[in-house]
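Asker: Got a structure here, written out as structure tokens. Questions coming.
The values are calculated or read from the model by the stated rules, or taken from the named source; none is laboratory data. Predicted model, so just to flag it, every value in this text is computed and none were measured. For neighbour counting, all protein chains shown are included, and Cβ atoms are generated from backbone atoms with ideal geometry for every residue, glycine included. Protein only, heavy atoms only, side chains kept; ligands, DNA and RNA dropped before computing areas. Shrake-Rupley method; radii C 1.70, N 1.55, O 1.52, S 1.80 Å.
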Amino acid sequence: MGENDDGNATPHQGVRVPRLMWQAFGRVCERRGTSRNVRIVDMIRADIRRHGDQQDKADLATADTELRARRSRKGTRRHPSPS
């Protein structure tokens, strides 16, 4: 899990947050019409753009390309029929 999760473009990343803070963040995101995941990724992207060096920004561009490709394929998956 994490940085060494080879083969997974979007591996699960754990973060420690107090439960009440996480719940409040979830409610705020819901009211804003987004999700925690989308908001966190947006914050990470903004920090890289603002504070990153050339390598960080190049990695961000590559990651965004991979993410767009993954999302474009997501709708083409066939889900098993319910039995």
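Asker: Hey, could you check region 16-25 for residues that are among the hydrophobic types (A, V, I, L, M, F, W, C) and open to solvent by 100 Å² or more (accessible area, probe 1.4 Å) and say which is farthest from GLU66 (Cα to Cα)? Give the derivation first.
Answerer: To start, the set of residues in region 16-25 that are among the hydrophobic types (A, V, I, L, M, F, W, C) comprises 17, 20-22, 24-25.
Checking which are open to solvent by 100 Å² or more (accessible area, probe 1.4 Å) leaves us with 20-21.
On the way: LEU20: 33, MET21: 31 Å.
Only one residue tops the list, namely LEU20.
Asker: Looking only at region 43-61, which residues are surrounded by fewer than 11 Cβ atoms within 10 Å (Cβ to Cβ), in a helix (DSSP H, G or I) and not small (Gly, Ala, Ser)?
Answerer: The answer is MET43, ARG50, HIS51, GLN54, GLN55.
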